[in-house]
Amino acid sequence: MDIENIDWNEVWKEKMDAQKRACPSTGAGSIWQEKESARRFWEMSLKNWVRMEKCIQGMALTPDSRVLDIGAGPGTLAIPLAEKVAHVTAVEPADGMVSVLRENIEAYGIENINCVHKDWEAVDSETDLYGPYDVVFASYSLGMKDIRASIRKMMEVSSGYIYLYWFAGETSWDMHSRKLWPSLHDCEYPQGPKVDVLYNVLYGLGIHPNMKVFPFEYIQSFASLDEAVENFKPNYAIMSEEQEGILRAYLDEILEKENGKLVHRGWSTRVKLWWKNMG
């Protein structure tokens with residue numbers, strides 16, 4: 001194998017395409033189109049507020065900073081960030097997430113967040129954004145097909161630091177998908193691209209980022225098996241009663257009973273990559 005001539009951007013694209021072909025309805029952001037799913041995500045974020053604050057503290061921020069949050073979701077980071085900086089532009093493609101984000105902005109009385117309801121690859125830097133930005137980040141929201149072009153666009157609007165957060169190795173949802181996909185969809189489950197591919201794309205761009213690797217665990221609690229099934233149906237692209245039955249049986253086996261609740265324990269190895277854009 002000619003390692004020197006591997007096009008890592010093409011590797012990224014191939015892995016993204018393979019995952020999309022395995023089941024198109026679970027593509028980047030698709031499970032967050034429904035407002036109910038987005039609201040559940042926000043509620044889970046509130047239970048991990050300490051982690052959100054720790055993430056924010058790890059960025060080079062000042063009260064005068066202008067920040068670009070790519071894949072902002074319901075405002076998991078954008079909402080607390082707005083209290084600490086001058087301006088936040090929140091880019092988010094999913095209808096459900098944007099709806100909850102706007103509700104949160106109103107509920108918290110925030111006036112310095114601008115929402116851009118678009119996929120990052122469709123964003124026009126000149127007409128949609130208000131750069132340059134002192135801090136640009138994408139927190140576990142790198143479901144872009146052309147990751148190299150996406151990073152270049154980040155660099156174009158950055159006047160300071162860029163932070164990317166992604167995954168290393170198999171996650172708990174990869175593991176469950178690997179076990180369920182053959183029964184649900186008659187095919188193997190292909191994992192999406194991980195941080196090894198991302199690092200090599202950055203390296204090819206002449207970027208040698210700082211890196212920090214850390215484990216992450218989280219807990220989801222459900223009042224009933226029915227509630228758990230409804231929560232996970234979008235994740236596993238459940239479309240039929242037969243598929244729902246397979247998922248129900250699987251969840252009944254893996255969920256733990258704790259204080260009258262059904263508990264799901266998730267885990268992943270996460271990586272923070274960051275560098276100062278020399279533009």
| note | Counting only residues 5 or more apart in sequence or on a different chain, those whose built amide H sits under 5 Å from that of Gly160 are Asn277
| What whole-number value in cubic angstrom gives the convex hull volume per residue for the C-alpha atoms of region 77-156? | 96
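Given R₀ = 22 Å, FRET efficiency for Met175-Val213 by Cβ-Cβ distance, to 0.05? Present the calculation step by step, with values, prior to reporting the outcome.
Numbers: r = 19 Å, r/R0 = 0.86.
E between Met175 and Val213, to the nearest 0.05, is 0.70.
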| remark: Sorted largest first, the Cα spans of region 122-250 on the principal axes come out in Å as 51, 30, 28
| request: Compute the length gained on full extension between Asp128 and Lys276: take 0.36 nm times their separation in residues and subtract their Cα-Cα distance, giving the result in nm to one decimal. | output: 51.0 nm
| remark: Put in order of increasing Cβ neighbours within 10 Å, starting from the fewest, Leu164, Leu61 give Leu61, Leu164
| query | Which entries in Lys20/Lys179; Lys118/Lys212; Lys54/Lys179; Lys84/Lys276 show an alpha-carbon gap greater than 24 Å? | reply | Lys118/Lys212; Lys54/Lys179
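Would you mind counting up the charge near Ile113? Only other residues with Cβ under 13 Å from its Cβ, with Lys and Arg at +1 and Asp and Glu at -1.
Details: positive: Arg66, Lys84, Arg102; negative: Asp69, Glu83, Glu92, Glu103, Glu106, Glu111.
Residues close to Ile113 contribute a combined charge of -3.
So what is the relative contact order for region 1-143, in percent, with contacts set as C-alpha pairs under 8 Å and at least six apart? The partial results should precede the final answer.
Values: 202 pairs, mean separation 37.3, N = 143.
The value is 26 percent.
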| query | lysines within cross-link reach of Lys261: Cα-Cα under 23 Å, excluding same-chain residues under 8 positions apart? | reply | Lys47, Lys233
| note | Computed over the chain: longest principal axis from alpha-carbon atoms vs helix 147-156 long axis, angle to nearest 10 degrees, is 40
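Which percent, to the nearest 5, of DSSP beta bridges fully inside the chain are antiparallel? Walk me through the numbers on the way to the answer.
Values: 24 of 43 bridges.
If I count the DSSP bridges inside the chain, around 55 percent turn out antiparallel.
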| Sorted by Cβ density within 10 Å, fewest first, the residues Ile56, Ile79, Ile219 | Ile219, Ile56, Ile79
| field | Net charge of neighbours whose Cβ lies under 12 Å from the Cβ of Leu225, counting Lys and Arg as +1 and Asp and Glu as -1 | value | -3
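Values in this text are rule-based calculations from the coordinates and carry no lab data. It should be emphasised that the depicted structure is a prediction, and the values quoted were computed from it without experimental measurement. Reconstructed Cβ throughout: ideal geometry from the backbone, glycine too, with neighbour counts over all protein chains shown.
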